[in-house]
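A short write-up of the structure that comes next.
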Amino acid sequence: MNVLLLLGLILSGISIYWASPIYQHKPDPVTGNFDVAADIGIWMCRHLPGLHHYASPPDWIYNHVSLGPGMLAPALRLHWLCAYLFMLNGMVYGAGLVMGGGWRSLLPRRTDPIDALRMLRYYLGVPFAKLTRRQWPHPEFSTKYNPLQRAAYFSVPVAGFLSVATGWAIHKPMQLHWLAALFGGFDAARVWHFWLMWLFIFFVVPHVILVFADGWDTLRSMIVGWSTRVDQAGTTKVNNEEKGNSAEPKDLPSTGKGSEQDVAELPAANPEDTNPSVPTAIETQTTVEATSPQVDTDETPSLSANQVQQTDPVAVHAATEPVDVKEHHGLFGERPLPIVEMAPRILRYRTRRDVLLFGAGAMAAAASARFFLPPATFNRPGGRGDTSMPGKEWLLNKAIRVDDDVAETLYSANRMVPTYTKSQITPIKNNYNGATPDPAYIPGWRLALDGLSSGLTVSLDIRALLVHHQIQDQITRLVCVEGWSAIAWWSGLRFDDLLHAYPPVSQAKWAHIESSVNLDANGNADPYFVSIDLLTAQHPQTLLATHLNGKPLTVEHGTPLRLLVPVKLGLKNIKAITRITYTKDEPPDYWARRGYSRYDGI
């Protein structure tokens, strides 16, 4: 499940990255490109055989390792669906570690640096040992994981926590501005989040390969929770599945009679297992060799063995029976794995059952995951046709709705967004979705107010707004849904002051704000409209802005009046406002109709 969730997060995350790449440079004079990832695609299409005629070289990377370019809205929905499931899975995993005591096995040891070098030497020598057909003994440790495994399994939960934290810092940089500050600010949090993604890739891909390369016993142990290790002499040794531990309890009493017995102990085979105390079974034919850690004079754990003969011909009837091994441990000391005995037929039955269930679940999850990809992903170069699934849109929209509910819960009218100094102001680009409007609308511009308690429709010019309302100044950050942000100095009247001067009807909860001068990319009329809840409109930092950086607004930035609501994404900050209508029910929203969130709180 983690692999599928991480795959969904990575594919959607790279599509989100496409909208505003972190690593950019000045536009190339030949290609006009400014994205490093696009540079890689262009180079590949120029130099690799078979790619010379690729239709869109700058998009090669995004077409092959993401949902595709221009897929921001679907990517955001899929990303937050996977993110909430990932967080839920992480909480279950953390609870399992605490309840089962598995967290002790992940704690670093003082000897880990030296022991890690031993393990690194072993791994580097394995290929040469295979080629020369000579023995290459595995270093022995008296712990559940070897030092390299422990470092990996300790760092991955930490990386998961940091991924969630940086994700929230990016997603809610105003309501959780203290969290963004911990990572160095909004832009720095994006860099953290990007490289944490690569850490997961570098962990998951080799780990999955090694699980299959290690053989059936390791794969089985990750599925059913037990393993067998039988040497050529017919003696079974109790080994930790990840080869981090060959230590076994000193005494292994017999609880049943028979020529065949299975001994089980709690495994460490699966790093994703929330409960490390799942039995690991060992099947033995004649004798069981149990070993326990001894401490040499140099304080390095070593092993000693005791042999327990099994001679009674009566079969074992009990399914499992624990054998307690009493040892004294501190709070942080790793606990020994308890021993159980189990009949061979039960082990075989459970193996078949668990493997079949796991296989069916894995195939179903892999098949259904494909249906959550947006249709446009399959229509891009290299795609293999569209696919759909009943309820897919409902589930993705539900994820966005849940995220909106979380944002609404986090909102507080008393929580101010961070403000900055004039020295911190950064350039802000003209981000009209279509063409910039013709300035010809300016002389005849007026603001219409509807849904007022007076029952009238009021029409105001910019002079009336400036004369009758106090002008406020603030330097705040504007955050775009694409990922970029800018710090600007805004001046204008508070939206709350307009609400007091022209009160809406008593039942009103929403403001429907329109711009009739908005154009599409071809220059045709494309009215723009957003919905703003009145609680947000009443926020002290929500302005109807008239000036930018000390000068009247330009056409590019929405002259003569635009909305400035720093607790919302930039797509709510509508330019060139021509009408405000107060309503009881939530009105339609331009970008919500195109797959984006409705609330857009940050």
> Residues Val126, Val92: which one is open to solvent by less than 60 Å² (accessible area, probe 1.4 Å), aliphatic (A, V, I, L, M) and assigned to a helix (DSSP H, G or I)?
Replying inline: Val126
> Do we find a residue being closer than 20 Å to Lys392 by Cβ and surrounded by fewer than 19 Cβ atoms within 10 Å (Cβ to Cβ) anywhere in the range 38-56?
Replying inline: no
> Residues in the range 341-355 that are more than 16 Å from Ser221 (Cα to Cα) and open to solvent by 30 Å² or more (accessible area, probe 1.4 Å): how many?
Replying inline: 1
> Looking at the range 466-481, which of the residues that are among the aliphatic types (A, V, I, L, M) and more than 45 Å from the chain's Cα centre (by Cα) is most open to solvent (accessible area, probe 1.4 Å)?
Replying inline: Val467
>> I'd like to know if the range 528-545 contains one or more residues that are open to solvent by 10 Å² or more (accessible area, probe 1.4 Å) and closer than 30 Å to Val191 by Cα.
In response: yes
>> Cβ contacts < 7 Å: first residue small (Gly, Ala, Ser), restricted to the range 405-431; second residue assigned to a loop (DSSP other than H, G, I, E, B) and surrounded by 14 or more Cβ atoms within 10 Å (Cβ to Cβ), any location; separation 6+ or different chain. Result?
In response: Ala407/Lys172; Ala407/Tyr599; Ala413/Gln538; Ala413/His539
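For (1) more than 23 Å from the chain's Cα centre (by Cα); (2) closer than 30 Å to His557 by Cβ; (3) at pLDDT below 85, each residue gets a yes or a no:
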{"site": "Thr351", "(1), (2), (3)": "yes, no, yes"}
{"site": "Val355", "(1), (2), (3)": "yes, no, yes"}
{"site": "Ala366", "(1), (2), (3)": "no, no, yes"}
{"site": "Pro381", "(1), (2), (3)": "yes, no, yes"}
{"site": "Met389", "(1), (2), (3)": "yes, no, yes"}
{"site": "Tyr411", "(1), (2), (3)": "no, yes, no"}
{"site": "Thr426", "(1), (2), (3)": "yes, yes, no"}
> Only one of Pro552, Pro560, Pro540 is out of contact with any Cys (no Cβ under 8 Å at 6 or more places or on another chain) and under 24 Å from Tyr599 (Cα atoms); which?
Replying inline: Pro540
> Restricting attention to the range 64-78, and to residues there that are open to solvent by 30 Å² or more (accessible area, probe 1.4 Å) and part of a helix (DSSP H, G or I), which single residue is farthest from Asp403 (Cα to Cα)?
Replying inline: His64
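Each row is one residue, and each column tells you yes or no for (1) modelled with pLDDT under 90; (2) open to solvent by 10 Å² or more (accessible area, probe 1.4 Å).
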| residue | (1), (2) |
| --- | --- |
| Gln149 | yes, yes |
| Trp168 | no, yes |
| Lys172 | no, no |
| Ala188 | no, yes |
| Trp192 | no, yes |
| Leu199 | no, yes |
| Phe203 | yes, yes |
> Is it the case that the range 514-521 has a residue that's of a type outside the set (Phe, Trp, Tyr), under 19 Å from Leu478 (Cα atoms) and in contact (Cβ under 8 Å) with a residue 60 or more places away in the chain?
Replying inline: no
>> All but one of (1) among the polar types (S, T, N, Q); (2) surrounded by fewer than 16 Cβ atoms within 10 Å (Cβ to Cβ); (3) part of a loop (DSSP other than H, G, I, E, B) hold for Asn431; state the number of the condition that does not hold.
In response: (2)
> Is it fair to say Leu120 is over 23 Å from Met222 (Cα atoms), assigned to a helix (DSSP H, G or I), open to solvent by 20 Å² or more (accessible area, probe 1.4 Å) and modelled with pLDDT of 85 or more?
Replying inline: yes
> Does any residue of the range 18-36 turn out to be without any contact (Cβ under 8 Å) to a residue 24 or more places away in the chain, more than 18 Å from Thr166 (Cα to Cα), touching a helix residue (DSSP H, G or I) at 6+ places or on another chain (Cβ under 8 Å) and open to solvent by less than 30 Å² (accessible area, probe 1.4 Å)?
Replying inline: yes
>> Residues that are hydroxyl-bearing (Ser, Thr, Tyr), at least 3 per element: which strands (runs of 3 or more DSSP E) completely within the range 487-602 meet that?
In response: 579-583
>> Out of Leu85, Leu107, I need the residue that is closer than 30 Å to Arg594 by Cα and surrounded by fewer than 18 Cβ atoms within 10 Å (Cβ to Cβ). Which one?
In response: Leu85
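The values are calculated or read from the model by the stated rules, or taken from the named source; none is laboratory data. Note that the structure is predicted; figures quoted are calculated from it, not measured. Quick reminder, even Gly has a Cβ in these numbers, built from the backbone with ideal geometry, and neighbours come from all protein chains shown. Calculation scope for accessible area: heavy atoms of the full protein, side chains included, ligands and nucleic acids excluded. Shrake-Rupley method; radii C 1.70, N 1.55, O 1.52, S 1.80 Å.
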